[in-house]
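Working notes for the structure below.
The values are calculated or read from the model by the stated rules, or taken from the named source; none is laboratory data. Note that the structure is predicted; figures quoted are calculated from it, not measured. Positions of Cβ are generated from backbone atoms using ideal geometry, with glycine treated the same way; all protein chains shown enter the neighbour counts. These area figures cover heavy atoms from the full protein model, side chains too; ligands, DNA and RNA do not enter into them. Shrake-Rupley method; radii C 1.70, N 1.55, O 1.52, S 1.80 Å.
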Amino acid sequence: LTGVLDDCLCDIESIDDFNTFKIFPKIQKLQERDYFRYYKVNLKRPCPFWADDGHCSIKDCHVEPCPESKIPVGIKAGSSNKYSKAANNSKELEDCEQANKLGAVNSTLSNQSKEAFIDWARYDDSQDHFCELDDERSPDAQYVDLLLNPERYTGYKGPSAWRVWNSIYEENCFKPRSVYRPLNPLAPSRGESFYTWLEGLCLEKRVFYKLISGLHASINLHLCANYLLEETWGKPRWGPNVKEFTRRFDPSETKGEGPRRLKNLYFLYLIELRALSKVAPYFERAVVDLYTGNGHEDAESKALLLDIFRDTKSFHMHFDEKSMFAGDKKGAKSLKEEFRLHFKNISRIMDCVGCDKCRLWGKLQTQGLGTALKILFSEKEIQSLPENSPSKGFQLTRQEIVALVNAFGR
């Protein structure tokens with residue numbers, strides 16, 4: 001890919017340089033810090049739109065939570081009187097280790113994490129969410145260590161996976177029924193041309209489509225980059241699968257569609273980058289602490305995060321969201337609300353993903369993008385934050401912060 005992206009004054013080479021040399025090494029380090037590596041997620045929420053028929057039985061999709069007795073006390077919603085001191089019999093331990101070996105979602109946690117979770121368990125709510133948030137108090141919500149559960153190809157594909165993406169594009173991208181996105185295997189005969197329709201949309205709705213396409217491209221790239229290449233004697237070997245990448249992104253194999261998908265990925269990067277630079281004042285206040293209970297580590301994490309914010313501000317070709325929702329107040333308000341509801345719906349569709357590991361990363365990246373949108377639409381509130389007290393007008397939960405950083409990191 002080369003050249004300028006549509007809908008912004010930015011070229012791909014500049015983004016590549018900026019990301020490779022400035023952002024990526026730092027964000028990778030940040031994702032390894034305790035505050036950002038634990039994400040609380042409910043993988044048992046039922047699909048609200050159709051009967052859950054496509055559950056993946058492949059072992060690498062599977063999430064096998066460790067037995068109750070192995071989970072640190074602090075995780076259980078911070079209530080220390082809820083746990084039983086059941087004996088850790090060796091059978092449970094073996095089951096747990098076996099599950100981890102199989103590439104299941106590994107939910108064991110280290111002892112030093114315990115204390116931190118007690119503090120994180122305070123539940124905070126806000127009316128301005130772009131995502132359907134998991135109820136952190138639900139008995140089904142559990143902390144997952146993202147470093148132990150990398151996003152990769154698990155074998156989850158076919159009609160069930162297609163149905164999820166189809167539902168996202170067909171029902172939530174402001175699209176008329178007569179227009180089908182290119183190469184959609186579920187589309188009937190061709191109606192109105194897709195790109196004529198897309199170019200005819202207002203900027204906001206065009207941006208929405210590109211963000212979803214960018215998210216799709218991003219997830220597909222992760223699967224190509226970390227693919228189960230072979231399994232010999234029960235030992236899996238993971239690595240980049242060039243053939244799979246070509247199948248999804250090469251112009252000649254995708255009728256020219258691949259490069260468009262990749263451009264939308266760059267567009268998604270710019271939107272999330274913009275959100276990071278806009279939210280900096282929220283974190284620059286002394287009252288905001290990335291609290292894990294380890295004072296030294298917390299200070300280092302915050303310093304690294306502020307360093308990344310400084311870098312994002314040094315980038316000269318930001319997407320300018322001021323051109324969005326800039327019409328008359330009433331129209332802009334209803335369009336923003338429509339945007340929010342469409343996006344919230346997409347976050348609910350993630351509960352229909354039949355592979356738990358894919359669901360985990362789908363939910364995390366959707367919530368990260370939802371948080372970015374929330375930030376971009378809250379500029380006034382962020383600018384008027386009080387220096388030394390928690391804000392009423394704009395607030396981020398720990399979940400949103402973790403999702404935002406990890407989604408951008410992906």
Item checked: Positions within region 1-22 being in contact with a Leu (Cβ under 9 Å, 6 or more places away or on another chain) and either assigned to a loop (DSSP other than H, G, I, E, B) or among the hydroxyl-bearing types (Ser, Thr, Tyr) (or both), in sequence order -> 1, 5, 7, 8, 10
Checklist line | Output for region 154-168, where each listed residue is modelled with pLDDT under 85 and either open to solvent by less than 30 Å² (accessible area, probe 1.4 Å) or part of a helix (DSSP H, G or I) (or both) | finding: 154, 155, 158, 159, 160, 161, 162
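Quick check on my filter: what residues within region 250-268 are of a type in the set (Asp, Glu) and over 16 Å from residue 5 (Cα atoms)?
Step one: filter region 250-268 for residues of a type in the set (Asp, Glu), giving 250, 253, 257.
Within region 250-268, 250, 253 qualify.
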Notebook entry, point to check: Within region 276-314, can you find the residues that are exposed (fewer than 14 other Cβ atoms within 10 Å of the Cβ), among the small types (Gly, Ala, Ser) and assigned to a helix (DSSP H, G or I)?
Noted result: 295, 299, 303, 314
Check: Can residue 302 be described as over 19 Å from residue 367 (Cα atoms) and among the charged types (D, E, K, R)?
Finding: yes
Note to self: Being at pLDDT 90 or above, under 28 Å from residue 29 (Cα atoms), open to solvent by less than 30 Å² (accessible area, probe 1.4 Å) and of a type in the set (Lys, Arg) is true for just one of 374, 363. Which residue is that?
What the structure shows: 363
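What tally of residues in region 290-309 results from selecting those that are more than 18 Å from residue 406 (Cα to Cα) and of a type outside the set (S, T, N, Q)? Step through it out loud before you land on a result.
Taking region 290-309 first, the residues more than 18 Å from residue 406 (Cα to Cα) are 293-297, 299.
So of that shortlist, the ones also of a type outside the set (S, T, N, Q) come out as 293, 295-297, 299.
Of the residues in that region, 5 qualify.
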Next item on the list: Using the structure shown, decide if residue 403 is open to solvent by less than 10 Å² (accessible area, probe 1.4 Å), touching an Asp or Glu at 6+ places or on another chain (Cβ under 9 Å) and assigned to a helix (DSSP H, G or I).
Entry: no
Checklist line | Tabulated pairs, region 297-315, first under 16 Å from residue 269 (Cβ atoms), second open to solvent by 40 Å² or more (accessible area, probe 1.4 Å), C-beta under 6 angstrom, 6+ apart or interchain | finding: 308/26; 311/22
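Can you pull out the residues in region 320-363 that are small (Gly, Ala, Ser), part of a helix (DSSP H, G or I) and without any contact (Cβ under 8 Å) to a residue 40 or more places away in the chain? Give the derivation first.
So in region 320-363, the residues small (Gly, Ala, Ser) come out as 323, 326-327, 331-332, 334, 347, 354, 362.
Within this subset, residues satisfying the condition of being part of a helix (DSSP H, G or I) are 323, 331-332, 334, 347, 362.
Selection gives 331, 332, 334.
Within region 252-259, identify whether any single residue is crowded, with 19+ Cβ neighbours inside 10 Å, without any contact (Cβ under 8 Å) to a residue 24 or more places away in the chain, part of a helix (DSSP H, G or I) and not β-branched (Val, Ile, Thr), and answer yes or no. Lay out the reasoning, then the answer.
Taking region 252-259 and keeping what is crowded, with 19+ Cβ neighbours inside 10 Å, we get 258.
Then drop every residue that is not without any contact (Cβ under 8 Å) to a residue 24 or more places away in the chain, which leaves 258.
Among the residues that remain, those that are also part of a helix (DSSP H, G or I) are: 258.
With the extra rule that they be not β-branched (Val, Ile, Thr), the set shrinks to 258.
Checking region 252-259: at least one residue is crowded, with 19+ Cβ neighbours inside 10 Å, without any contact (Cβ under 8 Å) to a residue 24 or more places away in the chain, part of a helix (DSSP H, G or I) and not β-branched (Val, Ile, Thr).
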Next item on the list: Can you give me the number of residues within region 185-211 that are polar (S, T, N, Q) and at pLDDT 80 or above?
Entry: 2
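Tally the residues that are assigned to a helix (DSSP H, G or I), of a type in the set (A, V, I, L, M, F, W, C) and open to solvent by 10 Å² or more (accessible area, probe 1.4 Å), restricting the search to region 377-400. Walk me through it before giving the result.
Going through region 377-400, the residues assigned to a helix (DSSP H, G or I) turn out to be 379-383, 398-400.
Retained after the next criterion (residues that are of a type in the set (A, V, I, L, M, F, W, C)): 382.
Narrowing the set further to residues that are open to solvent by 10 Å² or more (accessible area, probe 1.4 Å) leaves none.
Result for region 377-400: 0.
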Note to self: Can you go through 328, 320 and tell me which one is surrounded by fewer than 16 Cβ atoms within 10 Å (Cβ to Cβ) and under 26 Å from residue 14 (Cα atoms)?
What the structure shows: 320
